[in-house]
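Enquirer: Supplied in structure tokens, the structure appears directly below.
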Amino acid sequence: MAKIGFLGVGRMGSGMAARMLAAGHEVTVFNRSPEKAAELISAGAVPAATPRAAADQADAIFSMVADDDASRAVWLGEHGALAGDLAPGAFAVECSTISRPWVLELAKQAGAQGLRYLDSPVTGLPSAAAAGELRLLVGADPVDLEAARPLLEPLCASIVRFGDVGAGTAYKLLQNLLGSIQIAATAETLRVAELAGLDLATVVDTLSRSVAASPTVTRVSQLMLDGVHDRDIAFTAALRLKDTRIGVELADSIDGPAALGHAAYDIFSRLVAAGYGDLNETKVIDLLRDQG
């Protein structure tokens, strides 16, 4: 049994921490909104008042938070995890979708504290996190990854190493940028179909069986057809905008082509600016209906 510190137990993190509990580990959890940890605490997790307290003498510290600012706060804040009584050689595992420059900076800071850093964003919806069916997209020293593998396995169906620290995040940002492009394009397709007088239910059903279908296109086209964007939210418009932004920033930083990424960024910027940041990303279909 290992001692695990878990920082951030929102929609994704709560399922991941629950998997650690089910695997028999001692899990201490910190969340900025403590009430979100209540179910985990009832299941046996230990509450921590600060990230530092969650990280004290942990064998591994996992983080699953929203963005660079939240990650910086839980790791390097006044009461951040790296200020704690750290176990030498413990793993620092950042699972959040954050920018590559911040990943590289954080890895340097963690290494200076004697921690073994794993850049490990994940792919999968909250239901996959709860079922232990995520895919971990890892950038790490291969020796560190192999040493950490027994701790990672309860979380996932597979682990893919893309290279050294930063490579896992680079892949995740590109995958999510492609997802943003697909979601924006799906919304445009359905809106044009409406304007052409086509029955949307027939369009969505046929599209899901077409060569243009992907898991993302199939999922979001059905959600756009249903038109319910304020319940059972898997991914908010604000998070989609953040991921799109840091994806195009990565592409721009290496002089990569990103015309479609920038177009998607413009659409999701307009969606959040319209006040829909807390709704599901599929609300973008209504933006196109209202604004064109």
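Enquirer: Does LEU40 fit the bill of being crowded, with 19+ Cβ neighbours inside 10 Å and not charged (D, E, K, R)?
Expert: yes
One line per residue, one yes/no per condition, for (1) of a type in the set (A, V, I, L, M, F, W, C); (2) without any contact (Cβ under 8 Å) to a residue 24 or more places away in the chain; (3) assigned to a helix (DSSP H, G or I):
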| site | (1), (2), (3) |
| --- | --- |
| LEU198 | yes, yes, no |
| LEU207 | yes, yes, yes |
| VAL220 | yes, no, yes |
| LEU241 | yes, no, yes |
| LEU250 | yes, no, yes |
| ARG270 | no, yes, yes |
| LEU288 | yes, no, yes |
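Enquirer: Sticking with this structure for a sec: Between ARG52, ARG72, ARG19, which is within 30 Å of ALA237 (Cβ to Cβ), surrounded by 18 or more Cβ atoms within 10 Å (Cβ to Cβ) and modelled with pLDDT of 95 or more? Break it down stepwise before answering.
Expert: Working: ARG52 fails: within 30 Å of ALA237 (Cβ to Cβ); ARG72 fails: surrounded by 18 or more Cβ atoms within 10 Å (Cβ to Cβ).
Of ARG52, ARG72, ARG19, the one residue that is within 30 Å of ALA237 (Cβ to Cβ), surrounded by 18 or more Cβ atoms within 10 Å (Cβ to Cβ) and modelled with pLDDT of 95 or more is ARG19.
Enquirer: Could you tell me whether VAL74 is assigned to a strand (DSSP E or B) and among the β-branched types (Val, Ile, Thr)?
Expert: no
Enquirer: Can you tell which of GLY13, GLY5 is outside any helix (DSSP H, G or I), crowded, with 24+ Cβ neighbours inside 10 Å, in contact with a Phe, Trp or Tyr (Cβ under 9 Å, 6 or more places away or on another chain) and at pLDDT 95 or above?
Expert: None of the others qualify; the one that does is GLY5.
The values are calculated or read from the model by the stated rules, or taken from the named source; none is laboratory data. Since this is a predicted model, take the numbers as computed values, not measurements. Virtual Cβ from ideal backbone geometry, glycine too; neighbours counted across all protein chains shown.
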